[in-house]
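Enquirer: Right, I'll just put the structure down here and ask away after.
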Amino acid sequence: MDIVILAVVIAVVVLGALGGLIVGSRRKKQLPPPPPAAPDITAPPAEPHVGDEAETPREEPRRTIEEVDLPDGSAPVVVEEPPAEAPEIEIPEPTAGRLVRLRTRLSRSQNALGKGLLILLSREHLDEDTWEEIEDTLLTADVGVQPTQELVGRLRERVKVLGTRTPEELRTLLREELLTLVGRDMDRVVKTEPEDRKPGIVMVVGVNGTGKTTTTGKLARVLVADGQSVVLGAADTFRAAAADQLQTWGERVGAHTVRGPEAGDPASVAFDAVKEGKEMGANVVLIDTAGRLHTKTGLMDELGKVKRVVEKHAPVDEVLLVLDATTGQNGLVQARVFSEVVDITGIVLTKLDGTAKGGIVVAVQRELGVPVKLIGLGEGADDLAPFEPEAFVDALIGE
């Protein structure tokens, strides 16, 4: 029994010693450092106001929600937009005033033909070679073969009779013959005021690129300057920008523009333009037609349809063909085809300031048997004027 008690005591002592050793070893191990305290975060400074430096924001008065008027929901809040500004109406330059300015410009660009002829005619001996040079000068200026032969024939006869030729006599001689060639007695008035009705109806036709739509807008300025009220018909529905371009021209002088949907029926637009012109009591309706390729039969037939539809209202008073003066003989081909589809009553020559080939005036009149009524001499809004044979010839030979 004593032995058992002794063994128990020894076991207890051994267990106690082992427990002490374990606790001591744990105390010797380093505990992990405690986590660092959270740093104090300072809020970034507020964004500076316009014109302020980056400084500490100032206290500003604030309104409480009770002080703010809120919509009660009974009616929608309407935000009023500022009214659109109406385009400023321009006062076009009077016809008489622009003719003086355009005559000077024409003389600068066209007198190469006249001066060349005067130099040749001033030679002491006018042999066959000189007369051939005169013919070449006229042909180069697009006068045309038959008119050139007629002019040279008359000049040869008169120079032979005249004998001694002073510069002034030659200038007078050449002026008279050129006036005869251009045709001083042709009726060049643009007919916009029929006696028995209103409005006058004018169709503007031509190939795209000749300045057809621009010419229509410039013609509106000429008519407004002469005291007439104008309605524009944007019947060129196949060219996206044509209606916008024409409307801009109209707004500048206070002319109303009638237009239809893009790629719509041009005859319908032309019909509506004349209808509105009647209702408004306008003096003139100008119809800008789609540019036609003279080689496309279908497109040319469409142009004839436009004219027939318009004439359900009233006869068309003028059909103006717009030609580019720089195209020469190609312009004559265009003129011939257009005259077969619609009855051309007058010609508008554009870009006459950019070429010395003023003879196109003679050639196209001979080709169609109708007069040049208007000429365009530049890109300015008032660079369209009635054609005056005397001013044109004076510009050719130099005053």
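Enquirer: Taking amide H atoms as placed 1.01 Å from N in the peptide plane, list the residues 5 or more away in sequence, or in a different chain, whose amide H sits under 5 Å from that of Ala235.
Expert: Result for Ala235 returns Asp288.
Enquirer: Please tell me which of these pairs span more than 19 angstrom C-alpha to C-alpha: Lys198/Lys275; Lys115/Lys373; Lys218/Lys307; Lys191/Lys373?
Expert: Details: Lys198/Lys275 11 Å; Lys115/Lys373 25 Å; Lys218/Lys307 22 Å; Lys191/Lys373 10 Å.
Table pairs above 19 Å Cα-Cα are Lys115/Lys373; Lys218/Lys307.
Enquirer: So for Val224, Val161, Val362, what's the accessible-area order with a 1.4 Å probe, most first? Please report the intermediate quantities before stating the final value.
Expert: Working: Val224 35, Val161 120, Val362 10 Å².
Final ranking, largest accessible area leading: Val161, Val224, Val362.
The values are calculated or read from the model by the stated rules, or taken from the named source; none is laboratory data. Quick caveat: nothing in here was measured; it's all calculated off a predicted structure. Ligands, DNA and RNA are stripped out before the accessible areas are found, and what is left, the full protein with its side chains, is counted by its heavy atoms. Shrake-Rupley method; radii C 1.70, N 1.55, O 1.52, S 1.80 Å.
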